[in-house]
Amino acid sequence: MPTLLIEHDEDGANPRENFENLGTMACWHRRYKLGDVQPKEDPKEWLQKNVPKGSLQLPLFLFDHSGITIRTGNESFKAADPQGWDWGRLGLIFVTPERMAQDLKEYKDGEERLKAAKEVLEAEVKVYDLYLTGQVWGYVFTDDKGEEDSCWGFYGDTLEDTGIADSVPEEAKPLLAAAWENRK
């Protein structure tokens, strides 16, 4: 009988180190080494030296309570902790005008390019958050003959978001929902 296991990927790749990213994350935290750069100088001073005029910047917020999670907005953190004991501003993610022009050249209109860049930066933060919160998965499929097929490095907090369904062998697809519910 075929089996499909979905398991936590203990060796999931850090998307800030192993993926090509449009944005640069600058993070100031005394206990964690997060993002792409961890400047030592004051944020305002560092921004003046390193973030060119016209760059798209999104703030980064960190919630630190029994694990860490990051967002570009703080609304969900405020709802969970209105006093701000467990969350605060972490830094920013930014992309320079030159990088936007180079990597998003299909968008001729400046507003469309900015909108696309913002969506890409927000997606990069979401993937990094999935990594930080341990939402990286892999599967092991064993067919009727006992032969195994496996693949790792799926990021997501729902089966649909991970893309595992697009990767598993056809005969494993009927087993997907149960495997996701029983993931380890």
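The values are calculated or read from the model by the stated rules, or taken from the named source; none is laboratory data. Model, not experiment: these values are computed from the prediction. For neighbour counting, all protein chains shown are included, and Cβ atoms are generated from backbone atoms with ideal geometry for every residue, glycine included.
Quick check on my filter: what residues within the range 33-51 are surrounded by 13 or more Cβ atoms within 10 Å (Cβ to Cβ), in contact with a helix residue (DSSP H, G or I) (Cβ under 9 Å, 6 or more places away or on another chain) and not aliphatic (A, V, I, L, M)? Within the range 33-51, Gly35, Asp36, Pro39 meet the criteria. Would it be correct to say that Asn21 is loosely packed, with under 12 Cβ neighbours inside 10 Å and either hydrophobic (A, V, I, L, M, F, W, C) or under 13 Å from the mean Cα position of the chain (by Cα) (or both)? Criteria not met by Asn21. State whether one or more residues within the range 106-114 are at pLDDT 90 or above and touching a strand residue (DSSP E or B) at 6+ places or on another chain (Cβ under 7 Å). Yes, there is a match, as at least one residue in the range 106-114 is at pLDDT 90 or above and touching a strand residue (DSSP E or B) at 6+ places or on another chain (Cβ under 7 Å). Out of the residues in the range 88-116 that are hydrophobic (A, V, I, L, M, F, W, C) and under 30 Å from Arg30 (Cβ atoms), which is surrounded by the most Cβ atoms within 10 Å (Cβ to Cβ)? Out of the qualifying residues, it is Ile93. Per the listing Glu119, Glu106, Glu147, the residue uniquely in the same structural domain as Lys53 (by TED's automatic domain parsing) and under 25 Å from Gly12 (Cα atoms) is Glu119. For the range 112-133, the criterion of being within 16 Å of Trp180 (Cα to Cα) and out of contact with any Pro (no Cβ under 7 Å at 6 or more places or on another chain) is satisfied by no residue at all. Whenever a residue of the range 67-78 is more than 15 Å from Glu122 (Cα to Cα) and among the aliphatic types (A, V, I, L, M), its partners that are in a loop (DSSP other than H, G, I, E, B) and modelled with pLDDT of 70 or more, lying with C-beta atoms within less than 7 angstrom and at least six residues away or across chains, give the pairs Ile68/Tyr32. Does Tyr128 qualify as being surrounded by 15 or more Cβ atoms within 10 Å (Cβ to Cβ), out of contact with any strand residue (DSSP E or B) (no Cβ under 6 Å at 6 or more places or on another chain) and modelled with pLDDT of 95 or more? Criteria met by Tyr128. Consider Thr69 carefully, then state whether it is under 15 Å from Tyr131 (Cα atoms) and within 19 Å of the chain's Cα centre (by Cα). Criteria met by Thr69. Can you find even one residue in the range 115-135 that is assigned to a strand (DSSP E or B), under 15 Å from the mean Cα position of the chain (by Cα) and over 16 Å from Leu62 (Cβ atoms)? No, because not a single residue in the range 115-135 is assigned to a strand (DSSP E or B), under 15 Å from the mean Cα position of the chain (by Cα) and over 16 Å from Leu62 (Cβ atoms). Residues in the range 136-171 that are buried (at least 18 other Cβ atoms within 10 Å of the Cβ) and touching a helix residue (DSSP H, G or I) at 6+ places or on another chain (Cβ under 8 Å): 9 in all.
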